[in-house]
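Asks: The structure's right below; bear with me while I get my questions together.
The values are calculated or read from the model by the stated rules, or taken from the named source; none is laboratory data. Nothing here was measured: the structure is a model prediction, and the numbers come from that model. Cβ coordinates were reconstructed from backbone atoms using ideal geometry, including for glycine residues, and neighbour counts include every protein chain displayed.
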There are 2 protein chains.
Amino acid sequence: MISRLRDAQVTIVGLGLMGSSLAGALRGRCHAVVGVTRRHETVDVALARNLIDWGTTDMAEGVRAADVVVLATPVRVILRQLAGIGQLLREGCLLMDVGSTKAQITAEMARLPDHVQPLGGHPMCGKEVSGVEAADPALYQGRTFILAPLARTSEAALALGCELAETIGARPLVLEPERQDYLVATVSHLPYLLACALVATADVSTSADPAAWEIVAGGFRDTSRVAGSDVTMMLDILMTNQAKVLGALEVFQGQLGELARQIEVADEDALRTKLNGIRAERLRMFP
Amino acid sequence: MISRLRDAQVTIVGLGLMGSSLAGALRGRCHAVVGVTRRHETVDVALARNLIDWGTTDMAEGVRAADVVVLATPVRVILRQLAGIGQLLREGCLLMDVGSTKAQITAEMARLPDHVQPLGGHPMCGKEVSGVEAADPALYQGRTFILAPLARTSEAALALGCELAETIGARPLVLEPERQDYLVATVSHLPYLLACALVATADVSTSADPAAWEIVAGGFRDTSRVAGSDVTMMLDILMTNQAKVLGALEVFQGQLGELARQIEVADEDALRTKLNGIRAERLRMFP
């Protein structure tokens, strides 16, 4: 295994928002950044925007000489790619991903041939825009980059993964896959579903009234923002974290139901205590 | 009634975030801006920050010579103030408010003495900070300012209300009180409750895990932002719009329940169709 990122060829598979932003952030900080995509046009855009050194639509060609390969496709595409990519990789290659759920991916990674070093990854960032056109090399700056090593992952491989995260300005955080999936179900996947249900509610309740769109204020805009996320990406996330997402939804529905009951019976003392506690908690989270 | 705002003494009752920001936005654009508050210290801060021409803790003194009075206190304080303020106001005085619910306030305004011109108001803006220290004269810039005239409100009074909204950079929008309360229940009060229930869920589910706070990403931050709103203000809003808020909650719970069921039975076709429709709707709302 290569010891320093600056000597490495890093191949990024998938040049959507996450992959192309990663490419741009790594460009010039390692020996070469290579992009693998389905479409030639995407390679052309990535080259024109100086995000990659070279690119290809041929997976075998793109990963053959790679010291580090990062899968940056939707979660279930990653799962399919993991089934076939092992034999294409050189001895000691670090194989990472940037998918939002980790239990299924690391389980699949455990089946890779022994000569590959697997490491699950999940950078906590994103945008409501997709594709190479939206590439933003600063996307990872200041964000947490979760790393989920397997039992078989060597210390050197984990150290190289940490170096990659730090090189793009992120803060590596090592988490066990089940624990990461539990936490992101609440802090990431649940907010997406709430935003979606809020937009659907506004659509059902108020879309017949043209005044509704004139009065949507900052609260609605912010609360609904993530409803604009890429649907294929989110569907893969929800379907590979089904039980934990449903668990988070159930806790949420209980909390919202309690607020609704307190409003219904006008139990103002209980409501005030609850809302004050929540406000204090929010201020603790984001001082 | 005075015909032009620039000749008017405008008295603002309550120098919290909304009132003090309004004062700052009007200062220099009318004859005088007067502040009425409970505490002398607030008058001192407002004077030091050049938000008012003069201030007092004596309601009668502050409103006696006013051509326009704006009540900028929590909704149920406005309701109490409306019961006694009429006799303190001069002939033809325009009496407005900036409370977030309008049905109960305009019903109370209907009982004002005939020499007063009442006009309900609700600017669609706010912040998660409170008090005169947070005053921001640009707060109203580009925002919709809902105006809810009563049957007895004269055209001249409505025109003066519109001029006030435009003077502070807002867009006036005339709405019937019940219709405004219905719409804001969905686009403003519901997002607040979702943000609160989300923070409560994170607190219940993940607060024992220190990693949770390292991974909260932009989605959670944005979706939970309004949970930091002033609790007394929000409690008054919820309690004076109880039925419509509960109606909006019910529609939301139905929408969220439908998403949960589709995830549970893994009905991906239905889920994809639904999420795509929601994403398109969100993009239409905020292009």
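Asks: Being more than 7 Å from chain B (Cβ to nearest Cβ) and either modelled with pLDDT under 95 or touching a helix residue (DSSP H, G or I) at 6+ places or on another chain (Cβ under 6 Å) (or both) narrows it down to one of A:Glu176, A:Glu214, A:Glu163, so name that one.
Replies: Testing whether each residue is more than 7 Å from chain B (Cβ to nearest Cβ) and either modelled with pLDDT under 95 or touching a helix residue (DSSP H, G or I) at 6+ places or on another chain (Cβ under 6 Å) (or both) leaves just A:Glu163.
A quick yes/no check of all residues on (1) of a type in the set (Ser, Thr, Tyr); (2) assigned by TED's automatic domain parsing to the domain that holds A:Met18; (3) more than 21 Å from A:Thr106 (Cα to Cα):
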residue: A:Pro191; (1), (2), (3): no, no, yes
residue: A:Ala195; (1), (2), (3): no, no, yes
residue: A:Leu198; (1), (2), (3): no, no, yes
residue: A:Thr201; (1), (2), (3): yes, no, yes
residue: A:Ser205; (1), (2), (3): yes, no, yes
residue: A:Thr223; (1), (2), (3): yes, no, yes
residue: A:Gly228; (1), (2), (3): no, no, yes
residue: A:Thr232; (1), (2), (3): yes, no, no
residue: A:Met239; (1), (2), (3): no, no, no
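Asks: Still on this model: I'm told B:Gly169 meets every condition in (1) at pLDDT below 95; (2) on the phi > 0 side of the Ramachandran plot except one. Can you identify the failing condition by its number?
Replies: (1)
Asks: Here's a follow-up. Quick check: anything in segment A:140-156 of a type in the set (Val, Ile, Thr) and either closer than 30 Å to A:Asp44 by Cβ or in contact (Cβ under 8 Å) with a residue 60 or more places away in the chain (or both)?
Replies: No, segment A:140-156 contains no residue that is of a type in the set (Val, Ile, Thr) and either closer than 30 Å to A:Asp44 by Cβ or in contact (Cβ under 8 Å) with a residue 60 or more places away in the chain (or both).
Asks: Okay, next question. I want to confirm something. Restricting to segment B:17-30 and keeping residues that are over 18 Å from the mean Cα position of the chain (by Cα) and more than 14 Å from B:Val69 (Cβ to Cβ), which single residue is surrounded by the most Cβ atoms within 10 Å (Cβ to Cβ)?
Replies: B:Arg27
Asks: Cβ contacts < 9 Å: first residue more than 7 Å from chain A (Cβ to nearest Cβ), restricted to segment B:198-211; second residue of a type outside the set (D, E, K, R), any location; separation 6+ or different chain. Result?
Replies: B:Ser207/B:Trp213
Asks: Scan segment A:145-164 residue by residue and report those that are assigned to a loop (DSSP other than H, G, I, E, B) and crowded, with 17+ Cβ neighbours inside 10 Å.
Replies: Matches in segment A:145-164: A:Leu150, A:Thr153.
Asks: Looking for whichever is surrounded by fewer than 18 Cβ atoms within 10 Å (Cβ to Cβ) and polar (S, T, N, Q) here; the options are A:Thr186, A:Thr167, A:Thr201. Which one fits?
Replies: From the options A:Thr186, A:Thr167, A:Thr201, the qualifying one is A:Thr167.
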